[in-house]
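Have a look at the structure below, then the notes.
Bear in mind that the values in this text are calculations on the coordinates, not laboratory data. This structure is a prediction, so every number in the text was calculated from the model and none was measured. All Cβ positions, even for glycine, are placed from backbone atoms using ideal geometry, and neighbour counts span all protein chains on display.
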Amino acid sequence: MRASLSNMARNSAALALRTPLRTSTPLSTCARTFTTTSTRTISTTTPRRHDEPKITSRETLLPQTHYDFFPSFGPDALPPKGPFTLDLSLLRREFLQLQAKAHPDLAPQEKKRQAEALSARINEAYKTLQNPLLRAQYILELRGIDVAGDETAKVEDPELLMEVLETREVIEEAASEEELQPLRELNERRIAGSVGVLEEAFKNDDMDAAKEEAVKLRYWINIRESVDAFEPGKPVVLIH
């Protein structure tokens, strides 16, 4: 009997040596990784290289540009990577979705102020991107060119300036909105033309051409606003 038990023990030990150890967790999952919101994956088994930038909590939580707020756009939509012209219906749809989620009334009291700040940023981003003039000025500002706040940014084109002065006279002398309809249609074509020029300028990364056309567009947008606010006999001030 003792000999049989001894033989059984030796056989069990030999079988154990031939059988590989099994773990409850696959080895491939032992090297755990953590993924940040910026889609960069940092492995805990590999030390960060000295030249790899650190990811701060601010970078992972806050959008860096107005484009980053909207899922269908993001950093790749910023010219020259992306087109200057945007799908405004898609932009508005995503804006409404964002505001529905970020509305301050939905936030707990202790986070109300942060929610209000985020909601204001979303509003500002949408207001800027849906307007071609503000969008152009914003893109230029990101490149260090201040068109919106530069009072000296004017077009030195005598023909253009004469056209603007004549347009002001037409608006001031009009007796009704119906008389301004041809001017309205002409000015909308001017705006579309400027948007086309800006599209090409940003596509080619030509900031000088983009700046010049943004100043022109400011004239046309101002004329549009003057026509929309028309009142018979009211003086017209074309701000440029």
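The table below gives the values:
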{"quantity": "Stretch gain in nm, segment Ala107-Asp228, where the contour uses 0.36 nm per residue and the Cα spacing is subtracted", "calculated": "39.7 nm"}
{"quantity": "Volume per residue of the C-alpha convex hull in segment 59-130, rounded to whole Å³", "calculated": "84 Å³"}
{"quantity": "Dipole of segment 158-228, positive end: most advanced residue of Leu198, Ser176, Leu217 [Cβ charges, Cα centre]", "calculated": "Leu198"}
{"quantity": "Estimated distance in nm for a label pair at Ala148 and Lys203, the labels positioned 7 Å out from Cα along Cα-to-Cβ", "calculated": "2.6 nm"}
{"quantity": "Hz values of 3J(HN,Hα) by residue in segment 206-213 - Karplus curve (6.51, -1.76, 1.60), Gly and Pro given as x", "calculated": "9, 6, 5, 5, 5, 5, 4, 6"}
{"quantity": "For segment 73-112 and segment 163-199, distance of Cα centres in Å", "calculated": "32 Å"}
{"quantity": "Computed FRET value (nearest 0.05) for Glu188 with Ala120, which takes r as the C-beta separation and R₀ as 35 Å", "calculated": "0.65"}
{"quantity": "Cα centre as origin, Lys/Arg/Asp/Glu Cβ charges: segment 158-228 dipole, Debye", "calculated": "220 debye"}
